[in-house]
Amino acid sequence: MKKIKQLFALITVAVVLMAVQKTPVSKIKPVVIAYVTGYSGLVNPEQINAQKLTHINYAFVNIRNNQAYLDNAKRDSTNFVRLNSLKLKNPNLQILISIGGWSWSENFSDAVLTDSLRKGFAKSSVDIIRKHRLDGVDIDWEYPGMPGEEGNVYRPEDKQNFTLMFKELRKELDLLEKETGQKKLLTTATGGFASFLNNTEMGEAAQYLDYVNLMTYDYYSAKQAKHHTNLFDSKAYPSDNSADKAIKAYLAAGVPASKIVMGIAFYGRNLLLNASASKGIGDTIRSSANSYGKGYTFLKDSLLNKKGFIAYQDEDAKAPYLFNPQTKAFISYDDEWSVDHKCQYVLKHKLGGVMFWEYSSDRKEYLLNQINKSFE
């Protein structure tokens, strides 16, 4: 009887071990963060596919008198209600306010200059998400300690104050978490170039942050046509910037891979090249005044191998571009092919996920569909 019991016990252990081995380990799925603009008017929730997103960052909240400030409170309040309604379709969707951006970063340096100012700024920021029942705060300061838009205030003290600002924001968010019993997020959008790290303490700041959204786009050259959102360097026409270079620099600075989010451009950037231009990439730039092209839906449906434009793929950079040999127009952008390479990079290096600017630039969701397919 004793031997039978021992045999039964061994069989039971074996069955349990087999069950454990067959039970799939649940993977942490990468985040998919969409920037959605409010400054362009009322948001139409019917045009946002909530099931394909994990987070929405609402752009933008301004800074006035050292406080986070809704520039158009009526419009923004309506937009918050509309965005929150998307949780009926995706209860796990998180809605954050994004403070700053290219045009509204001039007051950051002043707003976080002292302890008392930082406390006031943090409280005003969190009060907005408290009032509108949102899920977190995203800071898009362009840029601490270095020039951004002309006229922006910046100073050497920004380097430390950038970190201290996140510390105060995290304190305020922790208080809100206790009030609501719900996790509140703190994220930031940062320069997708290594020099951003010279003016910040990203390794130190990362302890307060859930995600660091690298703006790995808007790369440009003043003289030679190059990619604006390339994953890697182009061997024929190397540049100072790429997503790969930025990510490696952030990792070296101490930002955990799991918090790094790679940026994807849902729009193209246009250049006009010299009359002698023959191939697009690498040719001399005549003008970049019309720097922002249209969104990817327009590019794919209207220009891809149409109207004189020829589509190319830079295999080294994993970046596409369009060139019109007659008009000398050059457009750099992301497509499904480059997006898939970026998503595979995220998976390979166990990064946090991807974010993109901006949702309405690809109404037919060509790129969003690719992101979801790549992360399946």
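The values are calculated or read from the model by the stated rules, or taken from the named source; none is laboratory data. It should be emphasised that the depicted structure is a prediction, and the values quoted were computed from it without experimental measurement. Positions of Cβ are backbone-derived with ideal geometry, glycine not excepted, and every protein chain shown enters the neighbour counts.
Please go through the range 37-57 and give me each residue that is crowded, with 23+ Cβ neighbours inside 10 Å and in a strand (DSSP E or B), ordered by number.
HIS55, ILE56, ASN57 - these are the residues of the range 37-57 that are crowded, with 23+ Cβ neighbours inside 10 Å and in a strand (DSSP E or B).
Going by the conditions given, is ASN241 within 22 Å of VAL354 (Cα to Cα), in contact with a Ser or Thr (Cβ under 9 Å, 6 or more places away or on another chain) and modelled with pLDDT of 95 or more?
Taking the combined requirement at face value, the residue satisfies it.
Taking the stated definitions as given, is LEU88 surrounded by fewer than 16 Cβ atoms within 10 Å (Cβ to Cβ), over 26 Å from ALA265 (Cβ atoms), at pLDDT below 95 and not acidic (Asp, Glu)?
In short, no.
Could you grab the pairs with beta carbons closer than 6 Å, sequence gap of 6+ or different chains, first residue in the range 110-121 and touching a residue at least 40 places away in the same chain (Cβ under 8 Å) and in a helix (DSSP H, G or I), second one surrounded by fewer than 17 Cβ atoms within 10 Å (Cβ to Cβ) and among the β-branched types (Val, Ile, Thr)?
Sorted first by the residue in the range 110-121, then by its partner, the pairs are ASP110/VAL153.
Can you spot a residue in the range 132-151 that is surrounded by fewer than 18 Cβ atoms within 10 Å (Cβ to Cβ), within 21 Å of GLU201 (Cβ to Cβ) and in contact with a strand residue (DSSP E or B) (Cβ under 9 Å, 6 or more places away or on another chain)?
yes
Residues ARG269, ARG286: which one is of a type in the set (Lys, Arg) and surrounded by 17 or more Cβ atoms within 10 Å (Cβ to Cβ)?
Selected residue: ARG269, the only one of ARG269, ARG286 that is of a type in the set (Lys, Arg) and surrounded by 17 or more Cβ atoms within 10 Å (Cβ to Cβ).
Within the range 151-190, can you find the residues that are small (Gly, Ala, Ser) and closer than 22 Å to LEU214 by Cα?
Result: ALA189, single match.
Would it be correct to say that ASP174 is outside any strand (DSSP E or B) and of a type in the set (Asp, Glu)?
yes
Report yes if some residue within the range 58-72 is at pLDDT 95 or above, surrounded by 10 or more Cβ atoms within 10 Å (Cβ to Cβ) and among the acidic types (Asp, Glu); otherwise report no.
yes
In the range 333-376, what residues are surrounded by fewer than 17 Cβ atoms within 10 Å (Cβ to Cβ), touching a residue at least 60 places away in the same chain (Cβ under 8 Å), charged (D, E, K, R) and closer than 15 Å to VAL261 by Cα?
LYS350
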